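Have a look at the structure below, then the notes.
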Amino acid sequence: QVQLVESGGGLVQAGGSLRLSCAASGIPLSLYVMGWYRQAPGKQRELVAGITSGGSRSYADSVKGRFTISKDNAKKMVYLQMNSLKPEDTGVYYCNAALRSREVWGQGTLVTVSS
């Protein structure tokens, strides 16, 4: 069964840190492009960070220098380390796996940053 399960969300004060985890099952992580997306209240879902099968990373301008995406192919885990959090980082964070036309989404984990 193909599944992505996120964890690690919660309530944090501005300036704090959180580490999100995404556990993948049923797919070979080494072949997929993995991404973290977020959806703020009333806004469209946006790409926050991505990592290719080869390990190349990319980030939205709004999180560069604060967020770090990483993965462990053997453990089938993808992580998003979020530092210096801001209230505008609040939203539901989703893990995504993509390979050509195939796409898998997790159920999301809520991150709330208070000012």
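The values are calculated or read from the model by the stated rules, or taken from the named source; none is laboratory data. All values reported here derive from a predicted model rather than from experimental measurement. Using ideal geometry, Cβ is built from the backbone for each residue, glycine included, and neighbour counts are taken over all protein chains shown. Heads up: the accessible areas ignore ligands, DNA and RNA and are worked out on the full protein's heavy atoms, side chains in. Shrake-Rupley method; radii C 1.70, N 1.55, O 1.52, S 1.80 Å.
Quick look at the numbers
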item: Boolean, residue 21 is open to solvent by 30 Å² or more (accessible area, probe 1.4 Å), over 13 Å from residue 96 (Cβ atoms) and of a type in the set (S, T, N, Q); result: no
item: Set 62, 101, 56: member being in contact (Cβ under 8 Å) with a residue 24 or more places away in the chain and among the small types (Gly, Ala, Ser); result: 62
item: In the stretch 56-103, residue nearest to residue 34 (Cα to Cα) [restricted to those that are aliphatic (A, V, I, L, M) and surrounded by 17 or more Cβ atoms within 10 Å (Cβ to Cβ)]; result: 97
item: The listed residue being within 14 Å of the chain's Cα centre (by Cα), of a type outside the set (Lys, Arg) and closer than 21 Å to residue 107 by Cβ, out of 83, 96; result: 96
item: Identity of the residue in the stretch 41-55, among the small types (Gly, Ala, Ser) and over 19 Å from residue 110 (Cβ atoms), that ends up surrounded by the most Cβ atoms within 10 Å (Cβ to Cβ); result: 50
item: From 31, 11, residue being among the aliphatic types (A, V, I, L, M), open to solvent by 60 Å² or more (accessible area, probe 1.4 Å) and at pLDDT below 95; result: 31
item: Single residue of the stretch 58-80 satisfying the filter (among the charged types (D, E, K, R) and assigned to a strand (DSSP E or B)) that is farthest from the chain's Cα centre (by Cα); result: 72
